[in-house]
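One structure below.
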Amino acid sequence: MRERAIKAAEVRLPAPVAGEAILVTKHANRVKVVLLHPDDYERLGRLLDLFGEEQPFELQLTETALAAHRLGEAGEDAHELDLESLERALSG
Amino acid sequence: VTSGGLRGAIVWAVTPYVAEAPFRILAGTGVTTYSSARELGMAVRRGELPAEQTHLVRSKLRPVLLLQDRPVRTLPEFSGLRLVRLDALERTRRERVRRQEEPSLFFLQASREHGLSKDNAVDLNALVRIHESAIVGTPVGHISESELRTIGERLIRHLDLDVTRLVERRLVELRQRLMERRSEDPP
């Protein structure tokens, strides 16, 4: 979650206590702003770390993983067939 | 149970490559090539090509790790992961795989247990579907339940599957069970 800091002297806000969320509503009780106690905000950050949105795993692939995968996709990963293993499948 | 079933079994199977452009399609006695999926789609729209086509797609006989059992055999297809040989990899990369330092490549040492006489790795990026009729003979080996669990956990990450709610529900269930147990036990 991105953060934007505002100096306390520049705004007049009610001070939430721990375990309480203050909902600032506008038209038809639509929630415009939610104020949290810093302890609760920290807990929210920890939960986001645990359950937050993951980046696509493709971004974490290593060069080795990509090299092996490309070799497999092209059928060029093996110099020769593992005939001993194939024989085992056929004789089972 | 991985010892006798097909979940966790290593089999030799006819494994097709992924269809990709240019698409070579059998049409009558010849082969027609379409340079892109869009071009193929337009040919279908124009009625020049049926929606179902016979493609020329390469396939290879290779070992595959099966991820599922089909105890009642209602589904003839299996999800599996293709095995990749390490022969063509640079030595340093091969060593990284052997030391299990690559999350996308689960190293399988050549052994009787795995039924392989060459070192392989399970490629977590190579999910395949295998029809039972494409499996050659019987499984050559099995991986352990613990190895299969590790691969399953990694696969969730590789497929970008969101299991948040599943984990949350499981945690709530466990918490509920713990609380019930505590209320049953005398203080």
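Below are the figures for this structure:
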item	result
Those aspartates and glutamates that a straight Cα-Cα span of less than 14 Å connects to residue B:118, excepting residues fewer than 8 apart in one chain	A:77, A:80, A:82, A:84, A:87, B:87
Per DSSP, loop trypsin sites (Lys or Arg not before Pro) in the range B:31-119 with at most 11 further Cβ within 10 Å	B:46, B:58, B:73, B:99, B:112
At 1.567 mPa s and 4 °C, Stokes D of the range B:146-187 from Kirkwood alpha-carbon radius, µm² per second	104 µm²/s
Whole-number accessible area per residue in Å² for the protein assembly as shown, which is evaluated in the context of all protein chains at 1.4 Å	68 Å²
Total charge dipole magnitude, the protein assembly as shown, about the Cα centre, Cβ charges on Lys, Arg, Asp, Glu only, Debye to nearest 20	680 debye
Rounded to the nearest 20 debye, dipole of the range B:74-121 from Cβ charges on Lys, Arg, Asp, Glu	180 debye
Between the range B:57-133 and the range B:136-172, the alpha-carbon center distance in angstrom	14 Å
Hydrodynamic radius (Kirkwood) for the protein assembly as shown, which is based on Cα pairs only, to one decimal in Å	23.6 Å
Evaluated at q = 0.12, 0.23 Å⁻¹: base-10 log I(q)/I(0), Debye formula over Cα of the range B:43-135	-0.54, -1.19
Long-range HN-HN contacts of residue B:27 with modeled amide H, under 5 Å	B:32
Karplus (6.51, -1.76, 1.60) ³J(HN,Hα), θ = phi - 60°, over the range B:16-24, in Hz, Gly and Pro reported as x	x, 6, 6, 5, 8, 5, x, 8, 9
Dipole of the range B:101-149, positive end: most advanced residue of B:107, B:138, B:122 [Cβ charges, Cα centre]	B:138
Amide H partners (placed H, <5 Å) of residue B:60, local residues excluded	B:15, B:17
From phi via Karplus (6.51, -1.76, 1.60), per-residue ³J(HN,Hα) for the range A:59-69 in Hz, x at Gly/Pro	5, 9, 5, 8, 4, 5, 4, 5, 4, 5, 5
Charge dipole (debye, nearest 20) of chain B; +1 at Cβ of Lys and Arg, -1 at Cβ of Asp and Glu	240 debye
The range B:1-92: GluC sites (Glu not before Pro) in DSSP loop, at most 14 other beta carbons within 10 Å	B:20, B:48, B:52, B:90
Equivalent ellipsoid semi-axes - Cα gyration tensor, chain A, angstrom	59, 16, 13
Accessible surface buried upon A-B contact (total; probe 1.4 Å; Å², nearest 100)	3200 Å²
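The values are calculated or read from the model by the stated rules, or taken from the named source; none is laboratory data. These figures come from a predicted structure and were not determined experimentally. All Cβ positions, glycine included, derive from the backbone under ideal geometry; neighbour counts span all protein chains shown. When the accessible area is computed, the model is the full protein with side chains, heavy atoms only, and any ligands, DNA or RNA have been set aside. Shrake-Rupley method; radii C 1.70, N 1.55, O 1.52, S 1.80 Å.
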